[in-house]
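Let me give you the structure first, and then I'll get to my questions.
Derivation of every value follows stated rules applied to the coordinates shown; laboratory data play no part. What you see is a predicted model; the values in this text were computed from it and never measured. Ideal geometry is used to build each Cβ from the backbone, glycine not excepted, and the neighbour counts take in all protein chains shown.
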Amino acid sequence: RSLEGGCGTGRFMKALGISQGLEPDSAMRAAALRRGCSVVDGVAEKLPFESGDYSSVLFITTLCFVRDPVAALAEAWRVLGLDQTIIIGLIDAGSEPGAARAEHLRQRYGGRLMTCSETKQLLVDAGFADIASAQTIFRPIAEMNAVESPEPGCGRGMFAVLRGRKGAAK
């Protein structure tokens with residue numbers, strides 16, 4: 001079972017085959033339900049699920065919008081089973097193309113974009129191990145004319161994905 005916290009309209013849920021979504025915004029939740037997604041009302045800082053219920057938790061461009069990212073990651077830890085995976089997708093404010101988009105995105109959507117390094121540290125502090133990252137979108141979106149292949153690491157691409165594993169002890 002997989003969970004996407006802050007699933008929005010369910011776009012990624014549907015494409016990635018995520019089994020459960022959580023979305024506090026009623027309009028976005030309704031859109032996800034229309035897509036055929038299983039979505040409940042709630043916030044990432046207080047997940048309405050049992051401990052150990054999920055094999056993966058995903059936050060895709062969501063962690064920057066939660067009120068308390070530390071609490072959200074603690075809740076992700078709680079609902080994950082042992083040796084299970086958290087995946088975070090983010091606009092990396094520490095990259096040149098991400099920094100160029102950060103102010104625009106903050107003004108349009110609110111929230112606080114974080115750097116990949118900050119996000120990695122939050123994962124480590126929450127008890128996640130084996131952190132790995134990949135990145136893509138190395139040029140301004142207006143200049144892109146083809147899909148760019150991802151590269152390991154972060155700090156250079158606008159979009160980064162981090163993966164961590166829930167170990168035996170926090």
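I need the P(r) histogram for the range 67-170: all alpha carbon pairs, bin width 5 Å from 0 out to the longest distance, whole percents.
2, 13, 22, 20, 18, 13, 8, 3, 1, 0
A further question on this structure: Where does the charge balance sit around Ser133 when Lys and Arg score +1, Asp and Glu -1, over other residues with C-beta under 15 Å from its C-beta?
Computed value for this residue: 0.
Report the Stokes-Einstein translational diffusion coefficient (µm² s⁻¹, integer) for the range 67-125, Rh taken as the Kirkwood radius over Cα pairs, at 20 °C with viscosity 1.002 mPa s.
168
Give a residue-ordered list of calculated ³J(HN,Hα) values for the range 81-98 (Karplus: 6.51 cos²θ - 1.76 cosθ + 1.60, θ = phi - 60°; whole Hz; x for Gly, Pro).
x, 4, 6, 9, 10, 10, 10, 10, x, 8, 7, 7, 5, x, 8, 4, x, x
Amide H to amide H under 5 Å from Leu58: which residues, 5+ apart in sequence or cross-chain, H placed 1.01 Å off N in plane?
Leu3, Glu4, Gly5, Ile87
Okay, next question. Which are the unpartnered cysteines of the chain, meaning those with no other cysteine Cβ under 4.7 Å from their Cβ?
Within the chain, the cysteines lacking a partner Cβ under 4.7 Å are Cys7, Cys37, Cys64.
Points 7 angstrom from Cα along the Cβ direction at Ser149 and Ser19: gap in nanometres?
Result for the modelled spin labels: 3.4 nm.
Where the centroid of each part is defined by its Cα atoms, how far is the range 56-79 from the range 108-148 in Å?
Distance between centres, Cα-based: 14 Å.
Helix-only mean residue ellipticity at 222 nm, the chain, DSSP H runs n ≥ 4 weighted -39,500 (n - 2.57), per residue, nearest 500. What is it?
The helix contribution divided over the chain gives -8500 deg cm²/dmol.
Separate question: Going through the range 1-96, which GluC sites (Glu not before Pro) have at most 16 other Cβ atoms within 10 Å and a DSSP loop state?
Answer in residue order: Glu45, Glu50.
Also, quick follow-up: Using the Cα centre of the range 1-43 as the reference point, and only Cβ charges (+1 on K/R, -1 on D/E), how large is the resulting charge dipole? Debye, rounded to the nearest 20.
Computed about the Cα centre, the dipole is about 220 debye.
Treating only the Cβ of Lys, Arg, Asp and Glu as charged (+1, +1, -1, -1), what charge dipole size does the chain show about its Cα centre? Round to the nearest 20 debye.
The calculated dipole for the chain is roughly 260 debye.
Most mobile of Leu90, Leu82, Leu16 per a Gaussian network model of the chain (Cα springs, under 10 Å)?
So, out of Leu90, Leu82, Leu16, the one fluctuating most is Leu16.
I'd like to know which of Ser95, Thr61, Ala76 lies farthest towards the positive end of the charge dipole of the range 22-104, counting +1 on Cβ of Lys and Arg and -1 on Cβ of Asp and Glu.
Of the candidates, Thr61 comes out farthest on the positive side.
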